[in-house]
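**Student:** The structure is given below, and queries will be raised subsequently.
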Ligand code: FES
Ligand SMILES: [Fe+2]
C-alpha cells in the first residue's frame, strides 16, 4: 500500500506537482510522425502531462509542440494557419515559429517592438523511429535517450498509440505485474509453440526477483514447473519513469520483443504506446504485425481514428461475453488490451492505494513506487532523477526455461544485452 499523500505524489502529473516535475526531466513520446504527415500539415490537438498543446509541422518539416492558447488573448492555435514556417493565430494574426518565437504581429504598428517581448510556450521536438519526442523540462534538453527498439531499422518495428482511461500509474503497474498473465490473459484454447502460455497457466504463483539498475530495474518472474526440475523465467525491464519491455515468443515463428510506454495525457487518462520489433534482426513481416494487432486488439478498426479510444471500452464493459467466459477464456473479453484495460480502468481513475493488500507477487510494483518516490525527492533536492541523463539503454527482456537450481541473472546475461 501507499499512504494517501504518497499516492497523490506519484500519480499527479500536472505542472508544479512532484511527479509532473520529475517526468518532465525525461524525453516523452508525443505523437507518431505519421500524424503530422507532411510539411505544413494540419495542426493537431494533443494533451500531454495535463497541458493542452497543439502539434504542427512547419514548412521545413520540423515538428513542433506549442501551447494551445495564443499568448495574445488565448484563442486556440488549433485553428491556426500553418504557413511559411510558422503557425498564425486566426484571431489577430500573430504568428509563431517552432520555438514559440513571435515572428509577426500584424495588428501592431510596424515600429512597435512588442513582438520581441512575447513568446509562446513551445517544447523542443525530435523525431526517431517514427515517433515525435519532446522534452518538457527546464533548461536545455539532454540528448534523446534510446532503447534498442529505437535503434533498429524502421522496417523491423511497429509502433502505435492509443488512449487509456485511467491514471498512468495504474496502467504501468499492470505492465510490470507478471503474475496477472496467468489469470487475466488465460485462454483455454490457446496453445503456443514454445509452451510459455501453458507455463504461465500451470505455474500461477511466480517468485519475483528485482535487481535495481542505473535506469530502473530488471525483474524476473520465476515459475517452477511442477513435476519437473525446471523453471520458466520471464525477465522484464522497467525504465524510469514509464517504459516497460517484455520478451515474447511472437507469432508465426518470429520471436518478438515488445513493450509499452504509459504517458499521462492528464491525471485520469493515459497515452498507451505499444512497440514491437523482431528479436532476430530481420524485417517485421506484415502478417506478423497483423497477427499481433489482432490478438492484442490494436487493429486500426479497434479504435476511433480521432480520439484513439478503443472500441471495447468501459461504456460497453469491453464487450464481455459471459458465455465465452465459461468456455473460451478467463475474462470473456476477446483481446489482450481490453482485458488489461477492463481491470485497470475498473479501479477508478486514480485508485486510493492506501486500501490495497499487497502480497509477495507485488514486489516489482512496490519497487517501482519506491524508485518513483526517490526520483521525485531527487528532483526536489536538485539532483537528476535516475536514468534521466543516460543516453543509451543497453538491455533487452528475455524468457527461458532453466534448471531450477540455476540463477537466472547469470544464465541469461547474454540474452539480456541489446544491440548497440
Ligand atoms: S488571440 Fe491570437 S492573435 Fe489575438
Ligand atoms: Fe496484461
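**Student:** Between the stretch 144-222 and the stretch 294-318, what's the alpha-carbon centroid distance in Å?
**Tutor:** Using only Cα atoms to place each centre, the spacing works out to 20 Å.
**Student:** So what does log10 I(q)/I(0) come out to for the stretch 27-134 at q = 0.21 Å⁻¹, using the Debye formula with one equal point on every Cα and no solvent?
**Tutor:** -1.05
**Student:** Here's something else I'd like to know. Full-extension gain between residue 409 and residue 188, please, as 0.36 nm times their residue separation minus the C-alpha to C-alpha distance. Before the final figure, lay out each step's value.
**Tutor:** Values: separation 221, 0.36 × 221 = 79.56 nm, distance 3.17 nm.
Residue separation times 0.36 nm, minus the Cα-Cα distance, leaves 76.4 nm.
**Student:** Between residue 38 and residue 121, with labels modelled 7 Å along Cα→Cβ, what's the label distance in nm to one decimal, could you check?
**Tutor:** 3.3
**Student:** Using r as the Cβ-Cβ distance of residue 327 and residue 304, and R0 as 35 Å, what FRET efficiency do you calculate, to the nearest 0.05?
**Tutor:** 0.70
**Student:** Using Cα centres only, tell me the gap between the stretch 366-412 and the stretch 245-268 in whole Å.
**Tutor:** With the stretch 366-412 and the stretch 245-268 each reduced to a Cα centre, they are spaced 17 Å.
**Student:** Right, another one. Take the alpha carbon atoms of the chain, find their radius of gyration, then divide it by 2.2 N^0.38 Å using N residues; give the quotient.
**Tutor:** 1.04
**Student:** How would you rank 260, 254, going from fewest to most other Cβ atoms within 10 Å of each one's own Cβ?
**Tutor:** Details: 260 22, 254 19.
Final ranking by Cβ density, sparse to dense: 254, 260.
**Student:** Given R₀ = 22 Å, FRET efficiency for residue 69-residue 101 by Cβ-Cβ distance, to 0.05? Let's see the in-between values first.
**Tutor:** Working: r = 17 Å, r/R0 = 0.75.
Efficiency, rounded to the nearest 0.05: 0.85.
**Student:** Name the residue, out of 385, 241, 15, whose mean-square fluctuation peaks in a Gaussian network model built on the chain with Cα pairs under 10 Å.
**Tutor:** It is 15.
**Student:** Is the shape of the stretch 270-329 best called rounded, prolate or oblate, per the rule: a/c under 1.5 gives rounded, else a/b larger than b/c gives prolate, else oblate, with a ≥ b ≥ c the square roots of the Cα gyration tensor eigenvalues? Present the calculation step by step, with values, prior to reporting the outcome.
**Tutor:** Values: a/c = 2.73, a/b = 1.48, b/c = 1.85.
Oblate, because a/c is 1.5 or more while a/b does not exceed b/c.
**Student:** At a Förster distance of 25 Å, what's the computed FRET efficiency of residue 154 paired with residue 294, Cβ-Cβ distance as r, to 0.05?
**Tutor:** Working: r = 22 Å, r/R0 = 0.87.
My answer for the efficiency is 0.70.
**Student:** Let me ask you something else. Most mobile of 406, 35, 209 per a Gaussian network model of the chain (Cα springs, under 10 Å)?
**Tutor:** 406
**Student:** Now, a different point. Where does helix 363-380 land angle-wise versus the long Cα axis of the chain, in degrees 0 to 90, nearest 10?
**Tutor:** Taking the Cα atoms of the chain, the angle to 363-380 is about 30 degrees.
**Student:** Determine which residues of the stretch 131-160 fall in the zone a paramagnetic label at residue 394 would reach in this model, i.e. backbone nitrogen under 17 Å from the point 7 Å along Cα→Cβ.
**Tutor:** Correct set: 145-152.
**Student:** Any idea what the relative contact order of the chain is, in percent, if you count C-alpha pairs under 8 Å spaced at least 6 apart? Display every interim value, and only then the final one.
**Tutor:** On the way: 879 pairs, mean separation 80.9, N = 420.
The value is 19 percent.
**Student:** In whole percent, what relative contact order does the stretch 180-250 give with Cα contacts below 8 Å and a gap of six or more residues? Display every interim value, and only then the final one.
**Tutor:** Details: 103 pairs, mean separation 15.6, N = 71.
Once divided by the residue count of the stretch 180-250, the mean separation gives 22 percent.
**Student:** Which value in Å is the Kirkwood Rh of the stretch 212-270 over different Cα pairs? Can you show the working numbers first?
**Tutor:** Details: mean 1/r = 0.0726 Å⁻¹.
So the Kirkwood estimate lands at 13.8 Å.
**Student:** Let me ask another. Please give, to one decimal in nm, the separation of the simple spin-label points placed at residue 52 and residue 212, each 7 Å out from Cα toward the Cβ.
**Tutor:** 4.1
**Student:** So how do 198, 148 line up by other beta-carbon neighbours within 10 Å, fewest first? Before the final figure, lay out the partial values.
**Tutor:** Details: 198 15, 148 22.
Least to most surrounded, the residues fall as 198, 148.
**Student:** Using Cβ counts within 10 Å as a stand-in for footprinting exposure, how do 146, 218 rank, fewest first?
**Tutor:** On the way: 146 18, 218 23.
With the sparsest Cβ surroundings first, the list reads 146, 218.
Any read-out appearing in this document is the output of simple, stated calculations on the displayed coordinates, not a laboratory observation. Here the structure is a predicted model, which means the values were calculated and not measured. Please note: Cβ atoms are built from the backbone with ideal geometry, for glycine as well, and neighbour counts cover all protein chains shown.
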